[in-house]
1. Here are Asp264, Asp275: which of them is farther than 30 Å from Gly65 by Cβ and out of contact with any Asp or Glu (no Cβ under 6 Å at 6 or more places or on another chain)?
2. I'd like to verify a number: residues in the range 164-199 that are part of a loop (DSSP other than H, G, I, E, B) and either on the phi < 0 side of the Ramachandran plot or at pLDDT below 80 (or both), how many?
3. Filter the range 53-82 for residues that are touching a Leu at 6+ places or on another chain (Cβ under 6 Å) and over 19 Å from Glu126 (Cα atoms) and give the result.
4. Could you tell me whether Thr48 is modelled with pLDDT under 90, out of contact with any helix residue (DSSP H, G or I) (no Cβ under 7 Å at 6 or more places or on another chain) and farther than 12 Å from Leu90 by Cα?
5. Can you spot a residue in the range 313-326 that is surrounded by 14 or more Cβ atoms within 10 Å (Cβ to Cβ), modelled with pLDDT of 80 or more and not in a strand (DSSP E or B)?
6. Select from the range 244-272 the residues that are within 27 Å of Asp63 (Cβ to Cβ) and among the small types (Gly, Ala, Ser) and list them in ascending order.
7. Of the residues that make up the range 225-245, is at least one aliphatic (A, V, I, L, M), part of a loop (DSSP other than H, G, I, E, B), at pLDDT 75 or above and buried (at least 16 other Cβ atoms within 10 Å of the Cβ)?
8. Any chance you could count how many residues in the range 83-112 are touching a residue at least 40 places away in the same chain (Cβ under 8 Å) and among the acidic types (Asp, Glu)?
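The values are calculated or read from the model by the stated rules, or taken from the named source; none is laboratory data. These numbers come from a predicted model, not from an experiment. Neighbour counts run over all protein chains shown; Cβ positions are idealised from the backbone, glycine included. Surface accessibility is based on the protein's heavy atoms, side chains included, excluding ligands, DNA and RNA. Shrake-Rupley method; radii C 1.70, N 1.55, O 1.52, S 1.80 Å.
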Amino acid sequence: MFSSATRPFGMRHLIATALTIVAVGAWCPPLEAQTVTGTLQGTVTDTTSAALPGVTVTIRSVDTGLVREVNTNERGFYNAPFLPIGRYRLTATLSGFGPVTRDKVDVRLNETYAVDFRLDPTVREEVTVVAERPLINTVTSDVKQSLTAEQILDRPTVQNLNNNNTFLALAETFAGFQENPTSGQNNPTASSGSSINFNGTGTRGATFQIDGVNNDDASENQNRQGVNLATIQEFQVISNTYSAEFGRGYGAVVLVQTKSGTNDVKGELFYYRQDSKWNALSYGQLTKPDNQRPSYGGVVGFPVMKNKLSPSRASSMDAARDRTPTSATSSSRPISRDRA
């Protein structure tokens, strides 16, 4: 038991410690990972290709209104890391030069994109250039393949009855993908079915992240949590020369970034159904199994405070009915139709 003389000192010590923790937390910059963001960088020159230091590059998100300002160094180089994925508008300004704007610049997941500017002292009005993404990435050397939300929407994906969240099926058309030779794909009931195999590295060599959070099962190195396809903003698989931040895996690295809200109300509804009535009879089968599985839901993003807070919500429902009779095959004997 503490005496009355020591209690005030203990309380003051506790308060001082708490204030120190709060102060340190407020001073430290936020820690973000490239796995949930992208990077814009580039060089600003004049008409003679000379580097321009001190140029202000303003980066504004078209969707959320986020604004980031960076300045070029003595070599005319600027770097803006940790940008949320989405579309941006960049403007470079310097006294004595006309401003130049690069419009429709897309920041992709875990990608560094070079956007260069050329300022002209003889031009006073703003010049707007629509950015075109280069066909070859000349900034980073990692081998990765990605699908955006629009590409995922256009891609036919077969639903597995054992797992409604078949986001791993998106990787099946990527270069280097190999079928699981033992237990099939996207089957969480199998020991190695809820993983992927790239370039012969095996299913246990893969590692998974959702929104930058590790999603590995500790025992089998499978993905632990599924993601509905409608909620994915970008799906990416890195299969070679990835950075040290993915040191846990020696095979493929699977990154999933979910959608966030914007300044506008946007959403979508989806419906998917499997029905045995639509299936053909297998060889020697006289009756069809009676089972249906409808899946439906929606995703909506909306602003709570424009340019400050825009959450996104998703909801889905999965209902299954299985009234499968005992299989009956063609035979010279009387056919038994015992129903379960």
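1. Asp275 is the lone residue from the list that is farther than 30 Å from Gly65 by Cβ and out of contact with any Asp or Glu (no Cβ under 6 Å at 6 or more places or on another chain).
2. Result for the range 164-199: 23.
3. Those that are touching a Leu at 6+ places or on another chain (Cβ under 6 Å) and over 19 Å from Glu126 (Cα atoms): Gly76, Ala80.
4. no
5. No - not one qualifying residue is present in the range 313-326.
6. Within the range 244-272, Ser260, Gly261, Gly267 meet the criteria.
7. Yes, some residue in the range 225-245 is aliphatic (A, V, I, L, M), part of a loop (DSSP other than H, G, I, E, B), at pLDDT 75 or above and buried (at least 16 other Cβ atoms within 10 Å of the Cβ).
8. Summing the residues that are touching a residue at least 40 places away in the same chain (Cβ under 8 Å) and among the acidic types (Asp, Glu) in the range 83-112 gives 1.
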